[in-house]
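So the structure is just underneath, and the comments pick up after that.
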Amino acid sequence: MSGSDGAGAAAGPPQSLPHTALEWLQALESNPHTGLSSSQAAERIARDGANEVPQRRVRASVLFARKFWGLSAWMLELIVLLSLLLHKWADFCVALALLFVNAILSFLQERRATRAVTSLQRRLQVSARVLRDRQWQQLPARELVRGDVIRLRIGDVVPADARILDGELRVDQSALTGESREVAALADGTVYSASIVRSGEATGVVVGTGIGTYFGKTAQLVAIARPRLHVEDVISRLVSWLFVIVGVQVVLAVVLASAAGYPILEILPLSLVLLMSAIPVALPVMFTVSMALGSIELAKRGVLVTRLNAAEDAASMDIVCADKTGTLTMNRLELVKAEPRPGFTEADVIRIGALASNESDQDPIDLAFLRAVRARGLVVPEDQTIEFSPFSPRTRRTEAVILRGETIMRVMKGAIHTVAELANLGPAEVAALDASAERNASEGARILAVAAAEGSAGWRLVGTAALLDPPRPDSARLIEELRAMGVAVKMLTGDSVQVGQAVSNTLRLGDVVRAPVLRAALDAPRNQQASFVLSSGGFAEVYPEDKYLVVRVLQAAGHIVGMTGDGVNDAPALKQAEVGIAVQGSTDVAKSAASVVLTTEGLACIVDLVKNGRAIYQRVLTWIINKVSRTILKSGFVVIAFLATGKFVISALAMVLLVFMTDFVKIALSTDRVRPSQKPETWDIGPLVKVAVLLGLLMLVESLGMLAIAWRTFGLGQSNGRLHTFTFLTLLFFALCSILSIRERRAFWASRPSWLLAVALAADACLGVFLGRFGLAELHPISYSEIGFAAIGSTLLTFAVNDPIKTYLIAHNTPPGDLE
């Protein structure tokens, strides 16, 4: 494949295409040792554009037009048409205005949420290791230009088309070609944008960017996924039942009204509105805004959400399996001790360990050796690295070929048993090394062996080095906070069991088990597998596949699992877990598999994620209680009042106003202050629906009682227009007060609503009073005493009667912690 090699060079199109990587460097006026300068890169990006493919965007006018398509919109449009046919011009104008207001509000809120998600996408782009201004840097892949020198290693998504200068890779091009077979990329070979590096390490020169790449793939890594939420399925079923209940009531009212001589065209608009009251008009917007705002809030705290259902899953998560390094510890290894073998010195251990390191990879172990060799002044300037093999879970070591003068030397560092086997140590020597390692590991230090060989001679063990990564100062406190919230923490580490146990003792996690013991335990019956995993504080010497097994066992036992990871081999476990968490510094593959990407280290981000998810859950519960109770109130009130008075006590226009005024106030619930519960959430809303039904029936009885009093006191039966207005205000104030009551699971005064919710409620109340005093179409003006009776009566009944009953029902009909 010729790929992007067909594009011209940055310094001007050559007469014939370069063939080798060095020829490409010359054609693109770049240097393998210094890279491009910032000024060169700026000129090229201004001329060629960013390293991304412009996405096709749907025009705003099309998105706005879609707001007039859907069940709620169709019902409003039918009411507009019926009003036109019946020559009810005021109803026609108001219903038409509401149709457009609904579309505009929904459009603006979703645009706001879309902008929030877009900002997350920009932060989730691939980063690339680039040689600029003679220094290796981490830059967003979209800033790459042709001629940039880049470094590729295992787990990277190739950020642009590139020719290999040195090194060797095996890349997965299945996302581009559909073929699962890995492809080798050697010196002068081409790797293509969006391929995945499965093994190896190489330096390359960028030869194609953006739309100039062979496959024309964008450099963006993660598209924000918005799968269907579990809560949406629950609410869809609930709304379906409400729709059936309201439908039966409407059919009964229509039959009786027809028998009483009401024209069918007069009845139909109100029937449609009653049916519409069972439809979650504001639900899609409320969910989208709530999830997007939650994601933006998390982003400020270093948590980037790549799937908008991650917050929902985090609310239910009861176990998090956390990597020791970087999550529980500082992720800054320091070389604290070097123990040389006879014939070598401490300086030899440090120097050779540093030679078996590569700074461009930014690996914490490599950086620890490099900092130590520089701090002690042990750098040998004439040493040249000819070849470097990075660490992989399979080999468990790094290796390099060094040219020192005219001597070829091989150096290596890695796991003790791996290096000891290559150095042909005897059982007694290995036992001595293990004993030394255990002594250091009991203090939490990680032990690596260092070996060297000259020419074709065999490996000689130079010594061991102790690296210490202490627990983070806040880890113990945050683990206790997670426990208090019902989330257990299990530590996973590739280090020895001694190192893991030392950290576990500090953090009070419990006993740490070696991975071989774990694998043996997973051959037991399923219930015993889960008991073994749950009783352990953590697991040491684990491979990535062990993480996947732990997740599967816990899920089979009914747990919702969070899993942290950073490597390409962690991807299966991250994808399997309900909450896959890619920690800071993760490979691109790990990020793409996870539902959450952390940009800072430690457990604080995970605590924030859990709290945010549970806060969103509580807002959804508030919406559910309000929706169920208000649907019962509105439909029952209209039908029962008709049976009692022989009149429809509210017009279709008034009911439309009521539906939209209250439903869109509830969008502000997405910003409300809530207290996250102290236990993982579940979506068993049976007890919750029972509470909502009882509250709805209670408000129905109270509102009918107020209507009966007002009927006699104010003579409402003499004027349909005044009757409609009074009913409208009664239902409105019951709705607004119930939102204020139900948002707090304790007494309503226990917490203040968010300022946006408070403003929305106050604005709705003021608009209701205005409409009651001055009227609109079929809503005739009523006196201040009638308005006051509707407002004060519904307020007193809600806060003095219903609120204490609500608190009692919640306390006795829901599990502790579900409604905090």
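Structure above, values below:
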| read-out | value |
| --- | --- |
| Accessible area, probe 1.4 Å, largest first, for residues Trp136, Trp24 | Trp136, Trp24 |
| Sparsely packed trypsin sites (Lys or Arg not before Pro) within region 630-711, loop by DSSP, other Cβ within 10 Å at most 16 | Lys647, Arg673 |
| Rounded percent of accessible protein surface that carbon and sulfur make up, region 630-720, 1.4 Å probe | 64 percent |
| Region 435-488 - Kirkwood radius from inverse mean 1/r over Cα pairs (Å) | 14.4 Å |
| Tyr262 accessible area, 1.4 Å probe, all protein chains in place, Å² to nearest 10 | 70 Å² |
| Region 384-492 - convex hull of alpha carbons, volume per residue in Å³ | 143 Å³ |
| Centroid-to-centroid separation of region 704-728 and region 729-793 [C-alpha atoms, Å] | 18 Å |
| Three-way shape call for region 596-718 based on the alpha-carbon gyration tensor, with the a/c threshold at 1.5 | prolate |
| Electrostatic dipole magnitude of region 626-689 [Cβ: Lys, Arg +1; Asp, Glu -1; Cα centre; debye, to 20] | 140 debye |
| Distance from region 502-580 to region 668-699 (C-alpha centre basis), Å | 33 Å |
| Cβ crowding within 10 Å averaged over residues, with 369-381, 242-254 ranked highest first | 242-254, 369-381 |
| For His780, solvent-accessible area (1.4 Å; no DNA, RNA or ligand), Å² | 80 Å² |
| Residues with amide H under 5 Å from that of Gly538, placed H, sequence gap 5 or more | Met491, Val513 |
| List Asp434, Asp511, ordered by accessible area with a 1.4 Å probe, largest first | Asp511, Asp434 |
| For region 436-572, alpha-carbon Rg over 2.2 N^0.38 Å | 1.22 |
| Solvent-accessible area of Ile386 with every protein chain in place, 1.4 Å probe, in Å² to the nearest 10 | 100 Å² |
| Dipole moment magnitude, nearest 20 debye, region 539-582 about Cα centre, only Lys, Arg, Asp, Glu C-beta charged | 160 debye |
| Förster-model FRET efficiency, 41 Å R0, Arg460 and Ala557, C-beta, rounded to 0.05 | 0.25 |
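The values are calculated or read from the model by the stated rules, or taken from the named source; none is laboratory data. Keep in mind that this is a model prediction, so the values were computed, not measured. Ideal geometry is used to build each Cβ from the backbone, glycine not excepted, and the neighbour counts take in all protein chains shown. Just the protein is used for accessible areas: all its heavy atoms, side chains included, with ligands, DNA and RNA removed. Shrake-Rupley method; radii C 1.70, N 1.55, O 1.52, S 1.80 Å.
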